[in-house]
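Right, one structure below, let's go through it.
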Amino acid sequence: MSFQKAADLLRLAELATARYLGVSLTEIEEEFGVDRRTAQRMTKALEEMFPQCITRVDDDRRKFWKLRADDARLMLAQGIRDSELAALELAIRRAEREGLATEVRALSGLRDRLLAAMPGPHARRAEADAEAVLEAHGFASRPGPRVRIGPDLMGVIGAALKGPHVLKVIYAGGRDPDRARRLEPHGLLLGTRRYLVAREAGGDGRMQHYRLDRITSARLEADSFARDPGFDLTTHAARAFGSFHTDTEYGQVIWRFSPAAAATAREFLFHPAQEMTDEPDGSLTVRFTASGHLEMAWFLYMWGDAVTVLAPEPLRAMVERHRREDFPALP
């Protein structure tokens with residue numbers, strides 16, 4: 001068996017142990033980028049290396065392979081890898097920068113427990129290697145401006161989302177500022193500004209956005225609520241280019257990047273449902289459906305005169321007089 005196949009088998013044992021129901025052929029195909037026949041060979045090797053492996057078939061006739069933790073001692077003996085520890089450290093530092101106190105505590109606790117379970121020399125080596133990876137990543141920091149948010153606010157919102165519990169806030173915005181509002185939170189939108197997606201308790205059920213920097217106080221209520229079963233945060237977020245939503249601007253967006261900028265633009269994911277078309281002259285056309293013209297204009301400004309707005313007309317008029325030809329680099 002090659003080293004790579006051995007590593008893949010250990011990784012498969014990790015998946016079979018970590019997932020409550022076990023791992024299926026489809027999940028193996030996605031995780032390892034292999035076809036069905038290769039996935040089947042991998043499960044056969046798993047059964048041979050771990051005779052205690054349990055298999056079962058669900059109601060949809062999908063087969064799962066499951067290992068109990070005490071039956072996977074070889075896999076567990078690997079400890080934590082330096083790359084995994086580095087990923088944890090990166091996540092902790094990003095959370096610190098974003099002011100996510102609850103996530104910092106949770107991730108730090110996980111890191112400490114993993115290191116405590118490792119032999120001393122192994123733990124020190126992993127920490128040293130992880131530190132080198134962090135330095136290579138430029139200290140795990142996301143540069144750029146951000147809006148300041150109260151250090152305790154994210155923890156309160158996180159607890160409300162997990163409950164779910166009603167959140168009582170004082171909001172310095174909208175038509176009735178500083179009025180106490182009882183909100184039923186359904187998610188967060190993270191961008192240049194952060195928004196809480198929530199509906200008012202006892203209201204019309206419509207989801208609204210509340211800027212976190214305008215929430216002056218937040219208190220967790222004892223009351224719980226039933227989440228809207230038809231609400232999907234990913235689908236909701238896709239209705240906007242950034243974090244600002246408005247139904248009046250929602251519609252098709254078409255941008256054309258010049259031949260000189262096409263290769264750079266092709267590397268971007270402008271929108272989850274975007275469509276890219278290579279034009280005969282070497283330019284690139286990008287289409288998607290969303291709202292938020294102002295955030296689009298902010299983004300398009302960075303491209304100077306390398307992008308042309310074909311639709312919608314209000315966005316084209318907004319950016320037309322601000323397209324510059326003297327920017328020395330593309331985003």
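The values are calculated or read from the model by the stated rules, or taken from the named source; none is laboratory data. Only a predicted model underlies this, so the values are computations on that prediction, with no experimental measurement involved. All Cβ positions, even for glycine, are placed from backbone atoms using ideal geometry, and neighbour counts span all protein chains on display. Surface areas here come from the heavy atoms of the whole protein model, side chains and all, with no ligands, DNA or RNA. Shrake-Rupley method; radii C 1.70, N 1.55, O 1.52, S 1.80 Å.
Hey, does segment 314-324 have a residue that's under 27 Å from residue 236 (Cα atoms), out of contact with any helix residue (DSSP H, G or I) (no Cβ under 6 Å at 6 or more places or on another chain) and β-branched (Val, Ile, Thr)?
No.
Out of (1) open to solvent by 40 Å² or more (accessible area, probe 1.4 Å); (2) out of contact with any Asp or Glu (no Cβ under 6 Å at 6 or more places or on another chain); (3) within 26 Å of residue 277 (Cα to Cα), what's the single condition that is false for residue 228?
(3)
From 87, 117, which residue is among the small types (Gly, Ala, Ser) and at pLDDT 65 or above? Even if it seems obvious, please write down each step before you answer.
Numbers: 117 fails: at pLDDT 65 or above.
On inspection, the qualifying residue turns out to be 87.
Quick check on my filter: what residues within segment 245-261 are under 21 Å from residue 304 (Cβ atoms) and either in a strand (DSSP E or B) or aliphatic (A, V, I, L, M) (or both)? Break it down into steps so the answer makes sense when it comes.
Quick first cut of segment 245-261, residues under 21 Å from residue 304 (Cβ atoms) only: 253-261.
Passing the criteria: 253, 254, 255, 256, 257, 260, 261.
Of all residues in segment 268-301, which are acidic (Asp, Glu) and at pLDDT 95 or above? Give the steps one after another, and end with the answer.
Initial filter on segment 268-301 (acidic (Asp, Glu)): 275, 278-279, 281, 295.
Scanning segment 268-301 gives 275, 278, 279, 281.
In this structure, does residue 252 turn out to be open to solvent by 60 Å² or more (accessible area, probe 1.4 Å), polar (S, T, N, Q), at pLDDT 90 or above and over 22 Å from residue 197 (Cβ atoms)?
Details: open to solvent by 60 Å² or more (accessible area, probe 1.4 Å): yes; polar (S, T, N, Q): yes; at pLDDT 90 or above: yes; over 22 Å from residue 197 (Cβ atoms): yes.
Yes; evaluated as a whole, the condition is true for this residue.
Identify, please: which residue in segment 2-31 is farther than 20 Å from residue 55 by Cα and of a type in the set (A, V, I, L, M, F, W, C) and is, among those, most open to solvent (accessible area, probe 1.4 Å)? Step through it out loud before you land on a result.
Our first condition is that a residue be farther than 20 Å from residue 55 by Cα; within segment 2-31, this holds for 2-7.
This time we only want the ones that are of a type in the set (A, V, I, L, M, F, W, C), so: 3, 6-7.
Numbers: 3: 195, 6: 37, 7: 49 Å².
Among them, the one singled out is 3.
Of the residues 264, 234, which is surrounded by 11 or more Cβ atoms within 10 Å (Cβ to Cβ), out of contact with any strand residue (DSSP E or B) (no Cβ under 6 Å at 6 or more places or on another chain), touching a residue at least 24 places away in the same chain (Cβ under 8 Å) and not in a loop (DSSP other than H, G, I, E, B)? Steps first, answer last, please.
Numbers: 234 fails: surrounded by 11 or more Cβ atoms within 10 Å (Cβ to Cβ).
Of the residues listed, the single one that is surrounded by 11 or more Cβ atoms within 10 Å (Cβ to Cβ), out of contact with any strand residue (DSSP E or B) (no Cβ under 6 Å at 6 or more places or on another chain), touching a residue at least 24 places away in the same chain (Cβ under 8 Å) and not in a loop (DSSP other than H, G, I, E, B) is 264.
Give all pairs with beta carbons closer than 7 Å in which a residue from segment 285-310 that is within 17 Å of residue 275 (Cα to Cα) meets a residue that is polar (S, T, N, Q) and surrounded by fewer than 18 Cβ atoms within 10 Å (Cβ to Cβ); count only pairs at least 6 apart in sequence or on separate chains.
Once the first residue is within 17 Å of residue 275 (Cα to Cα) and sits in segment 285-310, its partners that are polar (S, T, N, Q) and surrounded by fewer than 18 Cβ atoms within 10 Å (Cβ to Cβ) give 285/277; 286/274; 287/252; 287/274; 288/274; 289/252; 291/246.
Pairs needed: first member in segment 152-178, closer than 18 Å to residue 213 by Cβ; second member anywhere, open to solvent by less than 20 Å² (accessible area, probe 1.4 Å) and in a helix (DSSP H, G or I); C-beta distance under 9 Å; at least 6 residues apart or different chains.
Sorted first by the residue in segment 152-178, then by its partner, the pairs are 153/212; 154/212; 157/212; 167/157; 167/160.
Scan 289, 285 and give me the residue that is more than 30 Å from residue 156 (Cβ to Cβ), among the β-branched types (Val, Ile, Thr) and open to solvent by 40 Å² or more (accessible area, probe 1.4 Å). Reasoning before the result, please.
Values: 285 fails: open to solvent by 40 Å² or more (accessible area, probe 1.4 Å).
Result of the check over 289, 285: 289.
Every residue, every condition in (1) closer than 30 Å to residue 297 by Cβ; (2) modelled with pLDDT of 90 or more, yes or no:
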| site | (1), (2) |
| --- | --- |
| 179 | no, no |
| 191 | yes, no |
| 197 | yes, yes |
| 206 | yes, yes |
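Looking at the structure I just gave you, is residue 308 closer than 29 Å to residue 234 by Cβ, at pLDDT 95 or above and in contact with a strand residue (DSSP E or B) (Cβ under 8 Å, 6 or more places away or on another chain)? So that I can check it myself, show each step before the final result.
Values: closer than 29 Å to residue 234 by Cβ: no; at pLDDT 95 or above: yes; in contact with a strand residue (DSSP E or B) (Cβ under 8 Å, 6 or more places away or on another chain): yes.
Criteria not met by residue 308.
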